[in-house]
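Before any comments, here is the structure.
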Amino acid sequence: GGGSGSGGGDGGNRWGSASDRVAETNRRLLEQQNDSSINTLADQLGRLKELSIDINEEVADQNRMLDGMGNQMNSASGLLNETLGKLGTMLKSGGSKHMGTLPPRQRPRRQRPAACGQQRAFLIRGHPPRHALNHACSSHL
């Protein structure tokens with residue numbers, strides 16, 4: 001005999017039976033598959049959480065926008081009702097007596113440059129100053 005560990009038998013006592021080893025291998029494979037599935041599920045739940053947070057923020061932003069639009073509509077409605085009320089009061093009290101007209105729009109007069117003596121003479125006679133191209137005074141330059 002010797003103490004080399006080769007001992008008698010098939011080594012079944014040390015490693016268990018073949019069916020025990022197969023069962024242990026299957027158990028470990030199932031645990032690995034379960035761990036992998038749990039990790040995948042955790043990743044998907046993380047993405048779902050981020051998505052739900054984004055949706056919540058978007059809904060909050062849109063609610064604020066809708067509230068602002070509602071306030072603007074209420075303000076415009078109030079202004080319109082006030083204007084219609086004033087118009088109704090005016091019509092009941094005599095109508096067009098309170099209406100006014102705006103003066104016609106006047107165009108500003110164009111400033112003309114000071115005319116030289118020759119040009120003035122043409123303007124007085126009603127002729128256009130055709131000499132301006134050949135005339136050398138500074139008012140024509």
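Just so it is clear, none of the values below were taken in a lab; they were calculated from the coordinates. Note that the coordinates shown come from a computational prediction; the quantities given were computed from them, not determined experimentally. Backbone-built Cβ (ideal geometry, glycine too); neighbour counts: all protein chains shown.
Summary table below
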read-out	value
For I53, net neighbour charge (Lys/Arg +1, Asp/Glu -1) across residues whose Cβ lies under 15 Å away	-3
Label-point separation in nm, M73 to L45, each point 7 Å along Cα→Cβ	4.2 nm
Total formal charge among the other residues, if their Cβ is under 12 angstrom from that of D43, Lys/Arg +1 and Asp/Glu -1	+1
Spin-label model distance (nm) - R27 vs V59, 7 Å beyond Cα toward Cβ	4.7 nm
